[in-house]
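Chemist: The structure is given below, and queries will be raised subsequently.
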Amino acid sequence: MSYRDILVEIDGSSAARVRAELAAGLAVKFGGRLIGVFTRARIAPPFMPAEVTAVMTALEVQRIYDAHEEAVGKAAEAARTTFESIAAGAGAQSDWLELGGSDLQELVACAAVWI
């Protein structure tokens, strides 16, 4: 990745579209590559305290995790569709990446790989 290549995080927010449009325009203007990244969020342990899971069956806990994974999968697909549409519309060369966790360090590491 050169300094003119742009890594842009795409999520389900309306701001993601604006970020992608701005980044695509800059990538095209300066001959760079646009790299879209979606971070697949996991359920953080504080949101599933032991006091709650202790009274739930394993099946109930699994259903919560499965529903979360399904929702994240749909969000990832929507983000990719948005990103690819914007990149193509701007005529930007692009790549798409999905990271496996919600840790900001993964995003930083991803940026370092492209340098």
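The values are calculated or read from the model by the stated rules, or taken from the named source; none is laboratory data. This one's a predicted model, so the numbers in the text were calculated from it and none came from an experiment. Backbone-built Cβ (ideal geometry, glycine too); neighbour counts: all protein chains shown. Side chains are part of the model used for accessible areas, which takes the heavy atoms of the whole protein and leaves out ligands, DNA and RNA. Shrake-Rupley method; radii C 1.70, N 1.55, O 1.52, S 1.80 Å.
Chemist: Could you work out how much longer the chain between GLN62 and ASP11 gets when fully extended? Use 0.36 nm per residue separation minus the Cα distance between them, nm to one decimal.
Modeler: In short, 15.9 nm is gained.
Chemist: Below 11 angstrom from the Cβ of SER85, what's the summed charge of the other residues (Lys, Arg +1; Asp, Glu -1)?
Modeler: My count for the surroundings of SER85 gives 0.
Chemist: Which percent of the accessible area of segment 47-96 is formed by carbon and sulfur heavy atoms (probe 1.4 angstrom)?
Modeler: Whole-percent figure for carbon plus sulfur exposure: 57.
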